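Read the structure below first, then the notes.
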Amino acid sequence: MPATPEQWIAALTDTYWTTGRRIDPLTAHRTATRTETPANMNVKAADKVSEGLDVIARAERLTAEGTTLSRREAAAIRDAFVMEAEDVADQRETVRTRGCPACGCFTLLPIKGKAQCINRHCAPRPGLRRRWTYRDLGYTQAAKPRGAQRSTGYPADLRPLSFLTEFFAQSGHKVTAATLARWVKLHNLPRWPVDGKTYAYSLSDVATAHAVQLAARKGELCGDGVRPACTGLADLFYNTDEQAGAMDNALMKRRVTVAKELCAACPFIDPCRQAALKPNGQEQHGVAGGLTRNERRQMKTEMNR
Ligand SMILES: [Zn+2]
């Protein structure tokens, strides 16, 4: 696949795009007679080529200015052009690798010349979808995920795990069915039976969990300095001890490990730990300040001695 505006211009100038079909080498030498129908000209592709030349010229002028801002803008308009050209060619590779500027999930699909976020949890109102122009995507960065979200009612976007792995593969993320199943458990995502044997999950639920896992791996979940790392991760942080209900040991351990990792990188760990260790403070469930409930109890008794 072409990856730069220059490559796209070359591809779109190709007869395949401009006429909508390949020229047959056996008849290419013939000149058209009046009985033959004229080849359809793909106006969209032709327009895109001239637009692309403008974009490149503008990007070059901006780059020549030499400031960081102008270079960033040049990169953004080149980027946007690649996504627009892909749309003309019915491809969705680049836009699928972008996180949504509002929710941070990799749920953008090119629909009618815009990138639509199909994550239900991202919708400003039920039934609505956020839509971004490719230029928007070029300029803005993906949002930090707000946490793993869960469907309460029967969701409209139920999909089997096999669909979900394929969906994430298209965004350039290799996620195996086993990994997905682990996240579903880790974040306590609801599931609905399909035929008595297999289960389906809400694409939006899994997408938010996926974004959280990616951000956690990159240490970006609390990188904005505004929200603590546990924001939106109630199941992961507070559903970690026996009191929270019947749960298998392995899962509990995994949740504690992930929660502690997030705490370790969180800018709020100190005030959080102080509050959790207050001598007569309210005792809470789960991991707080990087400590489990038992660890906090132990530290409190040691401090009292
Ligand atoms: Zn979104």
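The values are calculated or read from the model by the stated rules, or taken from the named source; none is laboratory data. Bear in mind that the values here come from a model prediction, so they are computed numbers and not experimental data. Heads up, the Cβs are rebuilt from the backbone with ideal geometry, glycines too, and the neighbour counts pull from every protein chain shown. Remember, those area values only see protein heavy atoms, side chains included, never the ligands or the DNA or RNA. Shrake-Rupley method; radii C 1.70, N 1.55, O 1.52, S 1.80 Å.
With an 8 Å cut-off on Cα pairs and a minimum separation of 6 or more residues, tell me the relative contact order of the chain in percent.
11
Taking amide H positions as placed in the peptide plane 1.01 Å from N, state which residues far from Ala200 in sequence (5 or more) or on other chains have amide H under 5 Å from it.
Here the answer is Trp192, Val194, since their amide H atoms fall under 5 Å of that of Ala200.
In whole percent, how big is the carbon plus sulfur part of the accessible area of the chain, probe 1.4 Å, protein atoms only? Please list the in-between numbers first.
Values: 9060 of 17430 Å².
Carbon and sulfur together cover 52 percent of it.
For the chain, what is the mean residue ellipticity at 222 nm derived from helices alone (per DSSP H run of n ≥ 4: -39500 (n - 2.57); sum divided by total residues; nearest 500 deg cm²/dmol)?
Result for the chain, helices only: -14500 deg cm²/dmol.
Sorting Tyr201, Tyr238 by accessible area (1.4 Å probe), largest first, what list results?
Most to least solvent-accessible, the answer reads Tyr238, Tyr201.
Taking just the alpha-carbon atoms of the chain, what radius of gyration and Dmax come out, in angstrom?
Expressed in Å, the Cα Rg and Dmax of the chain come to 25.6, 102.
Could you calculate the FRET efficiency of Thr133 with Phe163 from 1/(1 + (r/R0)^6), where r is the beta carbon distance between them and R0 is 41 Å, rounded to 0.05? Each step should come with its number before you reach the end.
Values: r = 28 Å, r/R0 = 0.68.
Efficiency, from the Cβ-Cβ distance: 0.90.
Relative contact order of the range 158-304: what whole-number percent is it, with Cα pairs under 8 angstrom and at least 6 residues apart?
Over the range 158-304, the number comes to 18 percent.
If r is the Cβ-Cβ distance from Thr257 to Gln282 and R0 is 25 Å, what FRET efficiency results, to the nearest 0.05?
The formula returns an efficiency of 0.50 here.
Can you give the FRET efficiency to the nearest 0.05 for Ala234 and Thr68, using r as the Cβ-Cβ distance and R₀ = 51 Å?
Numbers: r = 40 Å, r/R0 = 0.78.
Here the calculated transfer efficiency is 0.80.
Would you mind checking Lys144/Lys174; Lys174/Lys260; Lys48/Lys174 for any pair whose Cα atoms are more than 22 angstrom apart? Numbers along the way, then the final one.
Working: Lys144/Lys174 20 Å; Lys174/Lys260 25 Å; Lys48/Lys174 32 Å.
Exceeds cut-off: Lys174/Lys260; Lys48/Lys174.
Convex hull over the alpha-carbon atoms of the range 123-223: what's its volume per residue in Å³?
Normalising the Cα hull of the range 123-223 by residue number yields 126 Å³.
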